[in-house]
Ligand SMILES: [Zn+2]
């Protein structure tokens with residue numbers, strides 16, 4: 001299949017049963033769509049609506065990373081408790097960490113979503129499973145086959161042409177199976193990349209290139225580089241945290257202009273189709289949270305005994321002990337995206353990724369519990385503390401992103417089969 005023309009129309013012909021009503025085909029789907037079964041097209045349409053709704057209703061969907069059962073429980077429970085839409089993300093690292101790979105997460109996700117939606121009476125469809133940073137076609141294919149709702153193909157480190165080719169391959173495969181695809185264009189430069197502040201702009205996403213990229217690949221959403229970055233330290237000491245919202249607005253508008261459904265229309269038209277932009281590396285990594293994380297030290301007993309002996313007897317080489325102690329006194333640093341600027345992306349960004357804040361909180365709570373209960377050997381005790389910390393962070397993000405309470409109106413019937 002060579003062509004990449006889009007079908008900005010409602011295809012009414014492939015619907016065979018009464019239940020499978022004609023669906024409006026989302027943008028970014030090539031003409032190959034006619035070979036889809038109705039259920040797949042319908043599944044993709046629903047996910048596209050899920051990703052477009054925040055742009056219209058002015059909230060942002062939190063996309064939170066999970067690595068194990070406790071983190072999955074924490075974020076999913078927070079979503080149902082606050083009635084917030086949620087994207088549960090699994091990174092390549094998390095897939096490697098789990099012995100059953102992506103299948104572990106699908107099984108865990110489905111069970112927890114089903115049980116917790118029953119417990120809290122929430123709309124199950126408002127919680128979705130997504131692959132974060134799929135580095136190649138194979139990873140995306142595995143996750144599509146395993147039952148993910150959405151996958152990210154991140155070929156942004158390659159040339160524009162290669163990025164287009166790799167992304168298009170993932171899009172073609174995923175769309176036939178009703179799975180939504182996020183792609184990335186531009187590089188998320190961080191302080192750790194040793195890029196001078198001024199030259200960070202060079203890695204920012206170009207609006208016209210972004211529109212061309214979406215036209216060529218047919219991807220459903222796009223992660224862009226507009227000032228955020230991965231990790232806890234996103235900005236240099238002398239740098240003011242910022243998101244280039246002007247660029248963000250321009251990227252969104254340029255993409256929307258090329259969408260077939262928008263031809264002959266004005267952005268002010270009711271039927272103007274909005275395109276979901278994604279923001280990665282948007283943790284706020286607040287100082288208070290990192291203070292908690294740095295509050296408790298883990299120092300080997302051998303060393304603490306030495307210090308005690310030195311204090312009591314006054315004997316021993318104090319300087320040498322201090323030197324030995326130094327590595328344990330190091331503190332985790334942070335400079336993230338302040339939450340007060342989240343509101344500046346409302347209506348522009350559909351999905352905002354947070355990982356660092358969750359990581360910092362789970363580690364802080366586990367360290368604290370261990371320090372306060374030195375004789376405890378029950379892993380449930382500290383894991384429970386870690387879980388509740390992550391749930392707190394998740395619920396907080398849902399409030400600040402204005403997504404809390406927004407899951408109402410999303411249909412309760414699961415559209416994911418199996
Ligand atoms: Zn990312």
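Identify all residues within the stretch 125-136 that are farther than 17 Å from residue 394 by Cβ and buried (at least 20 other Cβ atoms within 10 Å of the Cβ); write none if there are none.
125, 131, 133, 134, listed by residue number.
Are there any pairs with C-beta distances below 8 angstrom linking a residue in the stretch 162-185 that is more than 18 Å from residue 275 (Cα to Cα) to a residue that is in a helix (DSSP H, G or I) and within 16 Å of the ligand (Cβ to nearest atom), with the two at least 6 apart or on different chains, and if so which?
As it stands, the answer is 170/140; 173/140; 174/140, since those pairs meet every condition given.
If a residue has to be surrounded by 22 or more Cβ atoms within 10 Å (Cβ to Cβ) and under 9 Å from residue 131 (Cα atoms) to count, how many in the stretch 87-101 make the cut?
Going through the stretch 87-101 one residue at a time, the tally reaches 3.
Take the residues in the stretch 215-244 that are modelled with pLDDT of 95 or more and under 20 Å from the mean Cα position of the chain (by Cα); name whichever of them is farthest from residue 167 (Cα to Cα).
Step one: list which residues in the stretch 215-244 are modelled with pLDDT of 95 or more, which gives 215-224.
When the remaining residues are screened for being under 20 Å from the mean Cα position of the chain (by Cα), the result is 219-224.
On the way: 219: 7, 220: 11, 221: 12, 222: 11, 223: 13, 224: 15 Å.
Among those residues, the one meeting the criterion is 224.
Could you check the stretch 45-80 and list, in sequence order, the residues that are within 16 Å of the ligand (Cβ to nearest atom) and in a helix (DSSP H, G or I)?
If the condition is that a residue be within 16 Å of the ligand (Cβ to nearest atom) and in a helix (DSSP H, G or I), then no residue fits.
With the requirement that a residue be away from the ligand (no atom under 16 Å from the Cβ) and not in a loop (DSSP other than H, G, I, E, B), what does the stretch 260-282 give you?
Those that are away from the ligand (no atom under 16 Å from the Cβ) and not in a loop (DSSP other than H, G, I, E, B): 260, 261, 262.
Residue under question is residue 231, and the condition is that it be over 15 Å from residue 154 (Cβ atoms), touching a residue at least 60 places away in the same chain (Cβ under 8 Å), within 16 Å of the ligand (Cβ to nearest atom) and buried (at least 18 other Cβ atoms within 10 Å of the Cβ); does it hold?
Details: over 15 Å from residue 154 (Cβ atoms): yes; touching a residue at least 60 places away in the same chain (Cβ under 8 Å): yes; within 16 Å of the ligand (Cβ to nearest atom): yes; buried (at least 18 other Cβ atoms within 10 Å of the Cβ): yes.
The answer is yes for residue 231.
Of everything in the stretch 360-378, what is under 20 Å from residue 301 (Cα atoms) and in a helix (DSSP H, G or I)? Give them in sequence order.
366, 367, 368, 369, 370, 371, 372, listed by residue number.
Just for helices (runs of 4 or more DSSP H) wholly inside the stretch 81-150: which have at least 2 residues that are over 22 Å from residue 230 (Cα atoms)?
101-120, 137-146
Out of 212, 292, 192, which single residue is under 26 Å from residue 159 (Cβ atoms), in a helix (DSSP H, G or I) and at pLDDT 90 or above?
Going through 212, 292, 192 in turn, the sole match is 212.
The values are calculated or read from the model by the stated rules, or taken from the named source; none is laboratory data. Please read these numbers as outputs of a predicted model, since none were measured by experiment. Glycine gets a Cβ as well: all are built from the backbone with ideal geometry, and neighbour counts include every protein chain shown.
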